[in-house]
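*Asks:* After the C-alpha cells below, expect a handful of questions from me.
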Amino acid sequence: MNDEKINNAYDQAQEFFEEFGINTATVLKQLQSYSLSIHCWQGDDVGGFETPEAELKGGGIQVTGRYPGKARSISELQQDLEKVLSLVPGKHGISLHASYGDFKGKRVDRDQITIDHFQNWIDWAKTMGIHLDFNCTLFSHPKAESGFTLTSNDKEIRTFWINHVKRCREISAKIGKQLNHACIHNIWIPDGMKDIPIDRMKYRMMLKDALDEILAEKYPKQYMRDSLEGKLFGIGSESYVVGTHDFYLSYAITNKTLITFDIGHYHPTESIADKISAVLPFIEGIVFHLSRGVRWDSDHVVILNDEIIQIMEEIVKCNAPDKIFVCTDWFDASINRIAAYVIGLRAILKALLMALLKPWDHLREIEEEGDYTRRLALLEDLKTVPIGAVWNYYCNEMHVPLDFEWIQSMKKYEKDVLLKRR
Ligand code: RNT
Ligand code: ZN
C-alpha cells in the first residue's frame, strides 16, 4: 500500500472517530507511550545458554515443535530480537531469564551468577535504547528435578534456590541502575504435587519463610521491583501448587510487592480483565504475562481475541500507568519463532489501539443512565469501526511494515539467516 492510500484511509477514519469525540492523533501518542516487556525465551524454546547446553526440562511447562532456526547463542538471540523489534511499532524492552547469561562456555551454577554474566545484555540494551526485566530460573536444573525448589524438604536444595533468587534480585537492581529504568524481577516456581497432598500448609509456610528471607534485602524502587507469579496447576503439579494466585496475592499485598497475572494460570472461564479493578486498589502494581492457553496453560502465541481485548480495555480504563506492566510469555516452536513473536506483539498493540479508540466517556454516561440496550448495541457496533486504517497509518509513521507486508520481511530473514543456522 502506498503512502497516499494509507493517508486517505486514515483521514476518513480520523473523521469517523472525531464524531465520537476521539482524537486519533492523541490516541496514537498514547499508544506510542506504552512499552511492552518482551520475553526472550520464545527465541530458543526456553533453552537458555548454560553449559552443559540446557533445554527446557522440569517445571511442568512445555514447548512443542522443531521449526528450524532457533537461536543458539546470545548474539543470535539478540539478532533475532532486533528483527522482531523492527517489525513491531513502538519502543519495547526485553525480559530475560537467569539461564540466558553470558557464561562463556563455563559451567556457572545458578547460585553463582553475577551481574558480569549479564553485562553483554545490558550493553546491548543500551545500544538499542531499551529496558530489561529479569526472571530467576527455578526449572531445567538437577536441583529442580524433584519438583520442589524453594519449598524442598531438603534444606540444602532450599538454600541453593534461595541463594539463586537473592542473586537474581541483586542482578536486577544492578541492571536497573545501569539502564536507569526499574527492572522487574519476577519469581515463579514450579513447586507442587501431582497427587493429593496431605500437608498443604507446611509447604505454603516454607514458601512464606523463603520469600521473607529472599526479600529481606531492600533495593531502591527506581532500580528494581519484585513481582510474584502464581499458578493453578502444571504438568506434574495437577493436584497441588504451593504458590497459587491466592497465596501470592495475599503475600504481595502484605509485603508491598507486585503481582503477576499470567493469562494461562487461571481456570479457563475466569476473566483476568475483571481482576484488574478488583486488585488494583490494594496492590503496588500488576505485571501481566500475556499468553494464550488452549484448553490448558499451553502458552500459545497471543492473538487478537476477546480476552486480550478486554484486558487492554481494562488497562486503558483504569488509567494507572505507574501500576501496570505488560510482559509477554508464550513459546511455540512449531512455527517460525520470529513470526511467533511478531504475531503476538502486534496483536497486543492492536488490542491496545482498539481500547484507546473506544468512546469510554460516552459509554459510561449511557451506563449511568441505565440504558443497557443502547450500551450493548453500541458495544456491538463499535466492533467494526475502521481501526485497521489507524493501525496501518501508525505502522507507517513508525517505519514498521504494515499488516500483510511484515510477513515478507520475516520470510526473507528466515531464508537469509534462520535456515543457515542448521
Ligand atoms: C510458567 C510461568 C513462567 C514461565 C517463564 C518461562 O508457567 O508462566 O512465567 O513461563 O518463566
Ligand atoms: Zn508466566
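The values are calculated or read from the model by the stated rules, or taken from the named source; none is laboratory data. Quick caveat, the model's predicted, so the values are computed rather than measured. Please note: Cβ atoms are built from the backbone with ideal geometry, for glycine as well, and neighbour counts cover all protein chains shown. Keep in mind that these areas ignore ligands, DNA and RNA; they rest on the heavy atoms of the full protein, side chains included. Shrake-Rupley method; radii C 1.70, N 1.55, O 1.52, S 1.80 Å.
*Asks:* Does segment 214-233 contain at least one residue that is away from ligand 2 (no atom under 16 Å from the Cβ), crowded, with 22+ Cβ neighbours inside 10 Å and hydroxyl-bearing (S, T, Y)?
*Replies:* no
*Asks:* Right, another one. Against the condition touching a residue at least 60 places away in the same chain (Cβ under 8 Å), more than 30 Å from V46 (Cβ to Cβ) and open to solvent by less than 10 Å² (accessible area, probe 1.4 Å), how does L349 come out, does it pass?
*Replies:* For L349, the condition - touching a residue at least 60 places away in the same chain (Cβ under 8 Å), more than 30 Å from V46 (Cβ to Cβ) and open to solvent by less than 10 Å² (accessible area, probe 1.4 Å) - is not met.
*Asks:* Here's another thing I want to ask about it. For segment 255-278, which positions are within 11 Å of A320 (Cβ to Cβ) and either open to solvent by 10 Å² or more (accessible area, probe 1.4 Å) or within 16 Å of ligand 1 (Cβ to nearest atom) (or both)?
*Replies:* Listed by number, the list holds a single entry, S277.
*Asks:* Moving on. Answer yes or no: is there a residue in segment 93-110 that is assigned to a helix (DSSP H, G or I), away from ligand 1 (no atom under 16 Å from the Cβ) and hydroxyl-bearing (S, T, Y).
*Replies:* Taking every residue of segment 93-110 in turn, none turns out to be assigned to a helix (DSSP H, G or I), away from ligand 1 (no atom under 16 Å from the Cβ) and hydroxyl-bearing (S, T, Y).
*Asks:* Sticking with this one: So which residues in segment 62-76 are outside any helix (DSSP H, G or I) and small (G, A, S)?
*Replies:* If the condition is that a residue be outside any helix (DSSP H, G or I) and small (G, A, S), then G65, G69, A71, S73 are the ones that fit.
*Asks:* Then there's this: Any residue in segment 357-375 that is touching an Asp or Glu at 6+ places or on another chain (Cβ under 6 Å), open to solvent by 60 Å² or more (accessible area, probe 1.4 Å), in a helix (DSSP H, G or I) and of a type outside the set (A, V, I, L, M)?
*Replies:* Yes: segment 357-375 contains one or more residues that are touching an Asp or Glu at 6+ places or on another chain (Cβ under 6 Å), open to solvent by 60 Å² or more (accessible area, probe 1.4 Å), in a helix (DSSP H, G or I) and of a type outside the set (A, V, I, L, M).
*Asks:* Let me ask something else about it. What are the residue pairs meeting all of these: first residue in segment 16-30, first residue more than 14 Å from V316 (Cα to Cα), second residue exposed (fewer than 15 other Cβ atoms within 10 Å of the Cβ) and polar (S, T, N, Q), Cβ atoms under 8 Å, and 6 or more apart or on different chains?
*Replies:* Close Cβ pairs satisfying both conditions: F17/N23.
*Asks:* Within segment 321-332, work out how many residues are more than 16 Å from ligand 2 (Cβ to nearest atom) and part of a loop (DSSP other than H, G, I, E, B).
*Replies:* 0
*Asks:* How many residues does segment 104-139 contain that are more than 16 Å from the chain's Cα centre (by Cα), buried (at least 18 other Cβ atoms within 10 Å of the Cβ), more than 14 Å from Q178 (Cα to Cα) and among the hydrophobic types (A, V, I, L, M, F, W, C)?
*Replies:* Result for segment 104-139: 3.
*Asks:* Looking at this structure, is Y248 surrounded by 22 or more Cβ atoms within 10 Å (Cβ to Cβ), of a type in the set (F, W, Y) and within 14 Å of ligand 2 (Cβ to nearest atom)?
*Replies:* Considered against the rule, which asks whether it is surrounded by 22 or more Cβ atoms within 10 Å (Cβ to Cβ), of a type in the set (F, W, Y) and within 14 Å of ligand 2 (Cβ to nearest atom), Y248 comes out as yes.
*Asks:* Quick check on this structure: which one of G60, G69 is modelled with pLDDT of 95 or more, open to solvent by less than 40 Å² (accessible area, probe 1.4 Å) and out of contact with any Cys (no Cβ under 8 Å at 6 or more places or on another chain)?
*Replies:* Criteria check complete, one pass: G69.
*Asks:* Related question: Out of S277, S239, report the one residue that is closer than 30 Å to M193 by Cβ and at pLDDT 95 or above.
*Replies:* S239
*Asks:* For segment 121-173, which residues satisfy the criterion of being outside any helix (DSSP H, G or I) and of a type in the set (F, W, Y)?
*Replies:* Answer for segment 121-173, where residues must be outside any helix (DSSP H, G or I) and of a type in the set (F, W, Y): F134, F139, F148.
*Asks:* Of the residues that sit in segment 181-211 and are without any contact (Cβ under 8 Å) to a residue 40 or more places away in the chain and not aliphatic (A, V, I, L, M), which one is nearest to I94 (Cα to Cα)?
*Replies:* Once the filter is applied, the top-ranked residue is D209.
Quick grid of which residues meet (1) touching a residue at least 60 places away in the same chain (Cβ under 8 Å); (2) in contact with a strand residue (DSSP E or B) (Cβ under 7 Å, 6 or more places away or on another chain); (3) away from ligand 2 (no atom under 15 Å from the Cβ); (4) over 20 Å from K383 (Cα atoms):
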site: R295; (1), (2), (3), (4): no, no, yes, yes
site: I303; (1), (2), (3), (4): no, yes, yes, no
site: I309; (1), (2), (3), (4): no, no, yes, no
site: E314; (1), (2), (3), (4): no, no, yes, no
site: S334; (1), (2), (3), (4): yes, no, yes, yes
site: R337; (1), (2), (3), (4): yes, no, yes, yes
site: L345; (1), (2), (3), (4): yes, yes, yes, yes
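*Asks:* Something else: Checking E53 against (1) surrounded by fewer than 16 Cβ atoms within 10 Å (Cβ to Cβ); (2) closer than 19 Å to I315 by Cβ, which single condition isn't satisfied?
*Replies:* Status for E53: all satisfied but (2).
*Asks:* For segment 174-186: of the residues being part of a helix (DSSP H, G or I) and open to solvent by 10 Å² or more (accessible area, probe 1.4 Å), which is farthest from F261 (Cα to Cα)?
*Replies:* That would be Q178.
*Asks:* Ok, one more. Just give me the residues in segment 202-213 being crowded, with 16+ Cβ neighbours inside 10 Å and more than 28 Å from G176 (Cβ to Cβ), in sequence order.
*Replies:* Y203, R204, M206 - these are the residues of segment 202-213 that are crowded, with 16+ Cβ neighbours inside 10 Å and more than 28 Å from G176 (Cβ to Cβ).
*Asks:* I would also like to ask the following. Output the residues belonging to segment 52-95 that are within 16 Å of ligand 2 (Cβ to nearest atom) and closer than 21 Å to D297 by Cβ.
*Replies:* Answer for segment 52-95, where residues must be within 16 Å of ligand 2 (Cβ to nearest atom) and closer than 21 Å to D297 by Cβ: L56, G58, G59, G60, I61, Q62, V63, S95.
*Asks:* Picking from S152, S146, which residue would you name as being open to solvent by less than 10 Å² (accessible area, probe 1.4 Å) and either at negative phi or in contact with a strand residue (DSSP E or B) (Cβ under 7 Å, 6 or more places away or on another chain) (or both)?
*Replies:* Just a single option satisfies the conditions, and that option is S152.
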